[in-house]
Amino acid sequence: MSELDLSALRGIADPLERAREAHRAIPVVEEIRDEALAEARTGGLSLAALGDAIGLTGERVRQILKGKPGPERAFWGADDDRLIIAVGRKTEAPKKASGPAGPVVAVEDVAAYEALRESVAAYGITTCYETIAPPGFVDLNRAGMVVICGPRLSPMVAQVLASDRNLGFGHDAAGWFLRDQRGGNWYRSPIDQGEDADVAYVGRLPRPDGRGTFLYIAGIHAVGAAGVVHYVAGNLAEMWQQVRTRRFSALVRCEFEPDTRAVTGSDLVAGPYEGVQ
């Protein structure tokens, strides 16, 4: 059973099949219970109060919650404890010294992947790395998808991004920028003015098949994606409280060390807004 349906469960005629399906549902129900307890605990309720609410002792609740990841784990959408992280790839221009053109992934995007991999590992989530080759085709209709790729590298992703009526990318003669249509602000990358900082987009967008969502991360420049991971990883509980598993989008500004391009700080500058179609 893909979803817990007690009526359907009770309606299974074969008693052994009914017992089998009920047994399979136990871990699902326990996970929902444990996440709810952790969320309520984060909200300030005592162990005794939690125990009274569900008919257990406070000590038993403490045992249940001990070592359990917080409910914010669900932010990533890793239903099967795995994330597929797809990173955009482009073709490098040919150079006399290095020979013909070849596929490349920005160093900053690799850093974003590594930072994300380390962050979710603390929640028992594993990652699968893949690249999005030119011209940018990627299967977005998969559970646990995180896409790190600028809209220029994937017109397919750009089309989905257009469903966001609040935030999005734009391009003009001066280059790429991000616009906050709700707040009425435009954000150019500080990099283009010689600063060691960038602005990036993060959002939970609808899958093309209409059967779920995927997380999308992209900076005006590549380092911005690492800035998003830096911010979300450091503020995951707060982000979870704000948007849960709903569709949203936000803009993050980050600062970085110029020599290593390592992110040193990050802040939210717009959103999170809900209402992505």
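The values are calculated or read from the model by the stated rules, or taken from the named source; none is laboratory data. The structure displayed is predicted, hence computed values, not measured ones. When we count neighbours, we look across all protein chains shown, and the Cβ atoms used for this are built from the backbone with ideal geometry, even at glycine.
Somewhere in the stretch 112-123, is a residue more than 16 Å from the chain's Cα centre (by Cα) and over 21 Å from D209 (Cβ atoms)?
Step one: of the stretch 112-123, the residues more than 16 Å from the chain's Cα centre (by Cα) are none.
No, the stretch 112-123 has no match at all.
Could you pull out the residue among I26, I12 that is surrounded by 14 or more Cβ atoms within 10 Å (Cβ to Cβ), farther than 16 Å from Q63 by Cα, free of Cβ contacts under 8 Å to residues at least 24 places away in the same chain and not aromatic (F, W, Y)? Lay out the reasoning, then the answer.
Details: I26 fails: surrounded by 14 or more Cβ atoms within 10 Å (Cβ to Cβ).
Answer to the check: I12.
Can you work out which of the residues in the stretch 73-85 that are hydrophobic (A, V, I, L, M, F, W, C) and in contact with an Asp or Glu (Cβ under 9 Å, 6 or more places away or on another chain) is surrounded by the most Cβ atoms within 10 Å (Cβ to Cβ)? Give the steps one after another, and end with the answer.
Narrowing the stretch 73-85 to residues hydrophobic (A, V, I, L, M, F, W, C): 74-76, 78, 83-85.
Keeping just the survivors that are in contact with an Asp or Glu (Cβ under 9 Å, 6 or more places away or on another chain) gives 74, 84-85.
On the way: A74: 17, I84: 18, I85: 23.
Checked the stretch 73-85; the qualifying residue surrounded by the most Cβ atoms within 10 Å (Cβ to Cβ) is I85.
Give the residues of the stretch 97-115 that are at pLDDT 85 or above and touching a strand residue (DSSP E or B) at 6+ places or on another chain (Cβ under 6 Å), sorted by residue number.
D109, A112, Y113 - these are the residues of the stretch 97-115 that are at pLDDT 85 or above and touching a strand residue (DSSP E or B) at 6+ places or on another chain (Cβ under 6 Å).
Of the conditions (1) part of a loop (DSSP other than H, G, I, E, B); (2) touching a residue at least 40 places away in the same chain (Cβ under 8 Å); (3) not hydroxyl-bearing (S, T, Y), R152 fails just one. Which one is it?
Checking R152 against (1) part of a loop (DSSP other than H, G, I, E, B); (2) touching a residue at least 40 places away in the same chain (Cβ under 8 Å); (3) not hydroxyl-bearing (S, T, Y), the one that fails is (2).
Under 7 Å by Cβ, and 6 or more places apart or on different chains, what pairs join a residue from the stretch 111-129 that is of a type in the set (G, A, S) with one that is surrounded by fewer than 18 Cβ atoms within 10 Å (Cβ to Cβ)?
A115/A233; S119/A233; G124/P69; G124/D81
Filter the stretch 200-221 for residues that are under 19 Å from W186 (Cα atoms), of a type outside the set (S, T, Y) and within 17 Å of the chain's Cα centre (by Cα) and give the result.
Taking the stretch 200-221 as the starting set, the residues that turn out to be under 19 Å from W186 (Cα atoms) are 200-203, 217-221.
Still in the running and of a type outside the set (S, T, Y): 200, 202-203, 217-221.
The answer is A200, V202, G203, I217, A218, G219.
Restricting the search to the stretch 32-72, which residues are touching an Asp or Glu at 6+ places or on another chain (Cβ under 8 Å) and of a type in the set (K, R)?
Result: K68, single match.
Check G203 against each of (1) in contact (Cβ under 8 Å) with a residue 12 or more places away in the chain; (2) more than 23 Å from E118 (Cα to Cα) and name the one condition it does not meet.
(2)
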